[in-house]
Each structure stands twice: as C-alpha cells, then as structure tokens.
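To keep things clear, I will list the structure first and then write my remarks on it.
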Amino acid sequence: MKKILLFLFITIIVIAVISYALTLTHNIPLGEKVRIIRVEGVILDSRNVIDELKTYAKDSSIKAVVIRIDSPGGAVAPAQEIYKEIVKLKKEKKVVASMGSVAASGGYYIACPADKIVANPGTLTGSIGVIMEIPNIEGLMKKIGVETKVIKSGKHKDIASMFKSMSEEERKILQSVLDDVHDQFIRAVSEGRDIKYENIKELADGRIFTGKKAKELGLVDTLGNLDDAVNLAGELSGIKGEPSVVSKKEKLSIWNLISGNLPSELIKKGVPTIGLKYMLTL
C-alpha cells in the first residue's frame, strides 16, 4: 500500500513539474512574432478583444497584430471601443486586418483603423450604415384582448415601444439618432482609411461589396487570405523571413496535461500529452 501511495505521489509531482515547464516554455518569447486576434460572430461586447489588444501592446516579442474578422456587425458602442483600441495599438506596432467570409457593417468598422486591410475576393464587406428595427404588436394585442397601460415621466419615455404605433414626431427623433451614428461611422471610415468624407458618404448607403469591389473602391488594400495578412504584417514590422504566428494564450494546468486539452500551438510542436482513453446595430 505504501509503495502504491509513493508511486502516486511521485507521479503527481512529475506531472506538476512538466506542467510548470510547459507553462514557462509557452510564455517565453521565441523570436519575433505576429499575433492573431479573432473577432467572430455578432459584436456585442468588446471586453475580450480589448483585453487582448492591451496585452499584446505591451509584449515586446509581438511585432505585429493581425485582426481576423468574420463578423456581420453588431452593436455600435463595442465596435467603436475596439476601433479606438486599435488606433492606440498602432502607436506601438503594426496592425493588419484580415477579412474572412464576412466583415460588414460593424465588422468593417473595426477593420478601418488597421495599417492595411486584406480581404478575400469573395468576402462580403462594406454595409456602412445603421439600422434600428422596432416590431409593432399593437394589432395583435387588440385581437387577443390585451391592453397596455403606460405611466411615464416624459412625453417620449416610451418611444419605440412595440405596444403602440410610432408617431411622426417619434420617427423624426429616432431618425436623427440614426443619422448621428451614421455620420460617426462615415467619419470613422474616412479617418481610418484616409479617404475624403464625401467619397465615403457616397458609398455609405448600407450596400455590401465583395472584397474585389471593395479593393477597387479603396475600402481594402489588397486581396489575400489569412496567411497573406500574416506575411504582410511581418513585412510591415520588419520581420525577416516567415514570421512566427501565435494565437490566444490558454492557461496550462495539471488537468490540461492529463486530459490532453493543450493549446493547439503546443500540440503542433509535438509536445507529448498524457491521454485518458476513457439592438441598435451596425
């Protein structure tokens, strides 16, 4: 029994040491690197992306950052927050935006401040516009005999309520809000792409473009895939040869080691594992 307990104790110690060693190896800068930050799906929160941007701005081993975008857009404020953080990051290192299947509306918004934008020929992008959709179920409520009573502190406190028809005055108020945000969008593109406001405004009617057409219009810089974007980022940052590519760091633990749940970049390097068989939107 003592031998079994001793064996288990030694095994745990060995696993802990190996896990700690892997953690150190994972965090030691190995050459000049290009970091890939992924923005995927609807943009509703900026926190995780901004945390990554701030982290890599301070990492001296990261020479450039590629923002990989595959998003149809999302909420206004998170897109603006990411945009602003990318502008800050550009003061420290080169930033390249890489567009996947779609980088439209808010997805295009966050690409604009990058030093260069790379899109696939068939990428769907553009959609420089703002939309607000307000369902109205007033007729349905009447049919089923349900009446809504509203007590409010101001005339327009229930503006955009789905339980009543929209008045012309309310429509004008909401339109003015959308026009304001739309103007902010156009100016962000104009500043990020260094294109005249008037030229962007002509394109900012919400239409989408293919990557090929966007390049012709100056909305993107070049056509290519993610690898092309990484290589371009390496060139812009002065990396000689093929840059080392890294993605989001994942925490290592004893359980990661036992279960084989290690970051893909470590697995690709052949590290052995111990396997157990058994809104207002843009």
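Just so you know, in region 91-135 the residues that are on the phi > 0 side of the Ramachandran plot and polar (S, T, N, Q) include one that is surrounded by the most Cβ atoms within 10 Å (Cβ to Cβ), and it is Ser105.
If a residue must be outside any helix (DSSP H, G or I), under 21 Å from the mean Cα position of the chain (by Cα) and among the charged types (D, E, K, R), how many such residues does region 186-226 contain?
Residues that pass the stated criteria total 1.
Per-residue answers, yes or no, for (1) of a type in the set (Lys, Arg); (2) assigned to a strand (DSSP E or B):
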{"site": "Lys91", "(1), (2)": "yes, no"}
{"site": "Val95", "(1), (2)": "no, yes"}
{"site": "Ser101", "(1), (2)": "no, yes"}
{"site": "Ile117", "(1), (2)": "no, yes"}
{"site": "Pro121", "(1), (2)": "no, no"}
{"site": "Glu133", "(1), (2)": "no, no"}
{"site": "Gly139", "(1), (2)": "no, no"}
{"site": "Val146", "(1), (2)": "no, no"}
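Rule-based calculations on the coordinates, nothing more; no lab input. What you see is a predicted model, and the numbers here were worked out from it, not measured in a lab. Backbone-built Cβ (ideal geometry, glycine too); neighbour counts: all protein chains shown.
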